[in-house]
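Report on one structure; see the data block that follows.
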Amino acid sequence: MGIRFILMVNKQGQTRLAQYYEYLTLEERRALEAEIVRKCLARNEQQCSFVEHRNYKIVYRRYASLFFLVGVDNDENELAILEFIHLLVETMDRHFGNVCELDIMFHLEKAHFMLEEMVMNGCIVETSKTNILAPIQLMDKTY
Amino acid sequence: MNPFSSGTRLRDMIRAIRACKTAAEERGVVRKECAAIRAAINENDNDYRHRNLAKLMFIHMLGYPTHFGQMECLKLIASAGFPEKRIGYLGLMLLLDERQEVLMLVTNSLKQDLNHSNQYIVGLALCAMGNICSAEMARDLAPEVERLLQFRDPNIRKKAALCSIRIIKKVPELAENFINPAAALLREKHHGVLITGVQLCTELCKASEEALEYFRMKCTEGLVKTLKDLVNSPYAPEYDIAGITDPFLHIRLLKLLRVLGQGDEDASECMNDILAQVATKTESNKNAGNAILYECVATIMSIEDNGGLRVLAINILGRFLSNRDNNIRYVALNMLMRAITVDAQAVQRHRATILECVKDLDASIRKRALELVYVLVNESNVKPLTKELIDYLEVSDQDFKGDLTAKICSLVKKFSPEKIWYIDQMLKVLSEAGNFVKDEVWHAVIVVITNSPDLHGYAVRALYRALQTSADQETLVRVAVWCIGEYGDMLVNNIGMLDVEDPITVTESDAVDIIEIALKHHTSDLTTKAMALIALLKLSSRFPSCSERIKEIVVQYKGSLVLELQQRSIELNSIIAKHQNIRSTLVERMPTLDLLEWEEKQSGSIPNTTGSTPAHASINIPNGVAKPSSAPLVDLLDLNSDDVPAPSSSGGDSFHGLLDIDLSGAPKQSGVNHSPNNGTDALMDLLSTATPTQSRSAISDLLNSGQDNKTPVSPLEVLSSPSSNSIQPTSSAGAIDLLDSFATNSPIQENNGPAYPSVVAFESSNLRIGFNFSKLPGNPQTTIIKATFTNLSPSVYTDFIFQAAVPKFLQLHLEPASGNTLPASGNESITQTLRVTNSQHGKKSLVMRIRIAYKMNNKDVLEEGQINNFPQGL
């Protein structure tokens, strides 16, 4: 597996979505999120999108007020993860229509369902937006 | 109703949490919500279960405990409806920890759902299993997953493939069952199935040699063709990113080819053409294209040699390195690190660019570049590269200095062509970033200096100069102080001048000045101060004209609150004042430190010291606790080589405790560390380290045997007997008393106030305690009590400790006792001084509770009593 966790954090540093693919205790998660947020949010636009943290890397990208942070193994292709973050945002955009922090907050479970269709156990499942969103749209229609 | 349209109350809760201004307010809202959810759980509320779980997931994300909701997940999973199951599985993946017993309960539901007629429910179960399954579950459910790898719907096949990865990771011996179905997935057209199938194959190759061989034989060609088709595929809107069809699939395919090609010429040969095509044809103006190029370079670097491809790959990295985009430069540095093992020469060509990256504004790039420079350095380029790095050290960020310093030190040590260059570079580093230098590094500098007899003078003069400008760099100060102490005469007399040096004029008093500044500087820590005291002692012998002044400086620390400094001050003062005859032999120049032994010791202790704080390391190393057997226990600066000139052969070693400058930061702690040692270790430690108490007893013994023939106890005997290895502070007074007893008289006794009658404060069948009282003039509240302990029994008492307690209106201060061994039948006694301050002087009289502990015939004895018979008016 390549992806260890995916975080969405607003620019105040509040977590808006967290999905871990390895087990961490509550305390570990809180500490990790605080450290990462402190490290990444302090960086400016010109600096690169990769930060080395402990024994792995964080690939992050900022969209308006929302940061997408992905923790990956050291041998993972950083540029591909960057592209993957963009795919994730585009997918959410297609569903929510210009996704924003509030969409994710108030539809947390939906955001998770989308993520589930894209990443499983740290591996990429699907890269087609249509295929990713199909089960979610089906659900919306049914209920 | 629709549970996913976020029923009003979930929305309300999120709004309420958002509206919170403080963390405390948020905690309040969450606490209330959790209470309500717990109540609903207790009532077994079915209608709102999914909504409660959705709330819990939000609360969980905020970082609050939600374990009480775990069973709710299981209930939802077990219910019939798809919406309930969906949220139940999501909750399972988010809220459950790895407590197997709860997880085991879900195995049955999972099994049913994996066989469900609704494929979406099958998908849910696969996803949950792929994310959280344990080894037992993997064993139980592997047959279901295997079957689902051939399911008609590709969306199930792709999830089953990833689920298989989890299974073989948890239970590697199941890998072979998945080889055939995984190979079948590689022939699929559906991108989701293909990308997951490729990932499964990659994992199988890692898990099983057999799988690797199989895929190499049967699938390499097929994969090459798949990649070729993908590269040449016409525009596919659904997968297109910046004109490239599915870059993610490209990358996974390249990764699998890398695994297959590594170590196999035929497979490597087979993929040469397509790799060349990807490397030359991929557009490099967008991130997606660069991601593919990057992966392609990684594959070219890993597979079996093909000169042409390697050149191509290095050229791509060269282009990356000069790119303006920091992301691209970062990955280039990252990849050059791997390329260096393949083609170091090619990487060397980019040295100048890489060196520029070390100075980049971006910390991530700097870090990568520094690692790379570190591996690029060799004998031929070490001088210019080190110069660049040291120059940059001046202007670098504070938080980068630590890394940079460590790397420079390591390089200088590894590649230094000559000692003078080494000393020059290390002095630059110490002056520029001495506070970031690790203990073992500045220790090594001293070792190297002592090993270069022709450079002693040069080094001490250079250090003296450096100290003028960089007195705030702690480790520089230490090295300088040590060298000035050792080679002060060379400093003053310009001995051993090299041609490259400018002569300097330093007087003896200048040299003492600079040590005094180090001693008194506010940033100097205990180790530095203690080293400075020792250096002063050495100079007092080297510079007789300054001896008196040095004595005055040393005496100032007699009242230091730091035990170590106080003790050193008292000891050194005694040596200067009363032991002129042995002083010059005592402070002779250190013998050359054994470089090999030191390096051996370093390599032995590196696992212990890396990652620990310097203070910590200095406690661990000298004690020998961290590395009991292999490394010699000699501490660098404590120099116990046998050829040390010593005043008396039996006591010589003990005296090194006195010369030892590698203090443990916390004397108490290191004392405690000794207790688990066995006898010989304790002895070695005594000789190699100077925890205050032990050096004390060693000195007292030395002086005993040297001056007082009435106690014919060899120091070694005393040291090796466990009881004398006591860690109680009480034993430390011995040396002071002994040293003081050579003085003509004690100043305290001269100043005695009005006399009070002595009393027998305590008497039992075994023990008598007598108290003598005196008062300091002008301070009637304070009474000085001299307690004398006399053994009335025919057995020796060891480990003797006296403790006392007083009521609140009194303040009690116990000085260390004169010893902790009480000879039998009142032959000798132990004395101890107590100072009692009576805040109710004149109104209340003294009262005291006492407890005496000792060992008689190796049995612990405890005696207690209360003393009420103090004379009136104390």
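Side notes on the structure shown:
- Gap separating the Cα centres of the range B:64-91 and the range B:529-560, nearest whole Å: 75 Å
- Within the same chain, lysines fewer than 8 places from B:K228 are excluded, and of the rest, those with a Cα less than 23 Å from its Cα are B:K158, B:K189, B:K218, B:K255, B:K281, B:K286.
- Signed unit charges on C-beta, dipole axis of the range B:365-447, positive-most listed residue B:F400, B:L372, B:P384: B:L372
- In summary, the aspartates and glutamates within cross-link reach of B:K85, defined as a Cα separation below 20 angstrom excluding same-chain residues under 8 places away, comprise A:E109, A:E116, A:E117, A:D140, B:D45, B:D47, B:E72, B:D97, B:D113, B:E144.
- Distance between the range B:321-350 and the range B:153-181 - C-alpha centres, whole angstrom: 36 Å
- Of the peptides B:527-540, B:131-144, the order by per-residue mean of other Cβ atoms within 10 Å, starting with the highest, comes out as B:527-540, B:131-144.
- Averaged over B:240-248, number of beta-carbon atoms from partner chains that fall within 10 Å: 3
- Surrounding net charge for B:A242, when Lys and Arg each add one and Asp and Glu each subtract one, Cβ distance under 11 Å: -2
- When the charge dipole of the range A:8-91 is built from unit charges on Cβ atoms (+1 for Lys and Arg, -1 for Asp and Glu) and taken about the Cα centre, the candidate among A:L41, A:L17, A:N55 whose Cα reaches farthest toward its positive end is A:L41.
- Annotated for the range A:3-142: lysine pairs at least 8 residues apart or interchain, Cα distance under 21 Å, count 6.
- When both the range B:400-461 and the range B:794-810 are represented by their alpha-carbon centers, they are found 51 Å apart.
- Rounded, prolate or oblate (a/c below 1.5 giving rounded, otherwise prolate when a/b exceeds b/c) for the range B:384-537 by Cα gyration tensor: oblate
- Those lysines that a straight Cα-Cα span of less than 23 Å connects to B:K601, excepting residues fewer than 8 apart in one chain: B:K407, B:K413, B:K414, B:K419, B:K438, B:K627
- A versus B: buried accessible surface, summed, Å² (probe 1.4 Å, to nearest 100): 5900 Å²
- Separation in nanometres of the label points that stand 7 Å from Cα toward Cβ, at B:N869 and B:K21: 7.2 nm
- Cβ-defined net charge surrounding B:T405, 9 Å radius [Lys, Arg +1; Asp, Glu -1]: +1
- Relative to the dominant Cα principal axis of chain A, helix A:129-142 is inclined by about 50°.
The values are calculated or read from the model by the stated rules, or taken from the named source; none is laboratory data. Every value quoted in this text rests on a predicted model; they were computed, and no experiment measured them. Every residue, glycine as well, gets a Cβ built from its backbone with ideal geometry; the counts of neighbours run over all protein chains shown. Keep in mind that these areas ignore ligands, DNA and RNA; they rest on the heavy atoms of the full protein, side chains included. Shrake-Rupley method; radii C 1.70, N 1.55, O 1.52, S 1.80 Å.
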